[in-house]
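Only the coordinates and a few stated rules stand behind these numbers; no lab work does. These numbers were taken from a predicted model, which means no experiment stands behind them. Quick reminder, even Gly has a Cβ in these numbers, built from the backbone with ideal geometry, and neighbours come from all protein chains shown.
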Amino acid sequence: MDNSSLLEQQLLPLSLRNTLLTMAGGLLLLFALAGLTVNILNMLVFHRLGLYSSININFFALSAADFACASIYALISLIWLDISRAIKLSVDLEDLNFLLSPLFVSLSTFGSWVTAIISIERSCSILVPVRVKHIFTCRFTACLISAMLVAQLAILTASFTSMRLFIAPGGATSSERPRVVLDQAESDIDLYITVMFWGSSFPSFICFLLIVVSTFFLAYSLRQRQRWLQTLPGQRLQNKGKNQKRVATVTVVAVSAIYIACYLPGVSTVGIYFTIHGLNAFNAQQDNLQLILTSLVPIFQALSGVTNFFVYYKRNSRFRQNFKHLFYYDFAEVRAG
């Protein structure tokens, strides 16, 4: 069956697909550009704060992952806008979308891993406050982050080796553009799906569950502590160290809650394909529907990468001060120059 016949027999009409995809592409591009900006600022501020504590190392790594994801989101959004005919690129990059998918999944898994480390570390600081500093040392945290980074790089290498990418020349008319073509053998597709599921998707889902459990525990602990403080009339929290721990815990709860809310569409999309009879991700006649459903995943994840900055700025006074100093010194240098 040729492409024109498939387009006519889609579950989702082409005109509706193009309208929804244009909206999704524009929104994703907006979040991607914002994510690139705010995550550069995040990394600069956390670097100024010093990477001598595990929490700063984790937040720096999370910002780096969000920055890398935002770069991919920007490219994906342009591909979507081209597919929906909102813009016209000089080269047809639709097949490149499939090449970006494993990169997007691996980076999301890495971000989930770092968020899980942050949540579990804060939970341990409540359960075993004396031993937590000896467990989650800077070296141990860096090793955990590096291990997942190496694992995802290995998975990406295995995935990309099964793909062959080339550019097909355009036709004689101006409407026939050069086209990026992705070629993959049937046996390689099965291997690719297996590797990506067990190496990236499944670990990401486990991290998601750990984050949900630890976030509920942290939120419950904060609520119990607040109730306990209210039973002490006239008493105020004077211990600076305890206050900093509480601020760190509140920040982690906020970041984790945003992560959960923004990753639920991805988990829900996978659940829809597993539970609803008749939906098949590999059915060519459902390509339009699949494209729209899966477009929600990067949009919400891009939103997560943007909103983290506002959590850091609102909840962490040291982050806020260093952020202001960063621009103050830059402005002073410009004036001095």
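Okay, here's what the table says:
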item	result
Estimated FRET transfer efficiency when R0 is 25 angstrom, pair Leu264-Leu289 (beta carbons, to 0.05)	0.80
Proximal lysines to Lys245, defined as alpha-carbon separation beneath 26 angstrom and excluding residues fewer than eight positions away on the same chain	Lys133, Lys314, Lys324
Burial ranking of peptide ranges 128-138, 92-102, 65-75, 290-300 (average Cβ count within 10 Å, highest at the top)	65-75, 290-300, 92-102, 128-138
Calculated FRET efficiency for the pair Leu209/Leu100, C-beta based, R₀ 35 Å, to 0.05	0.85
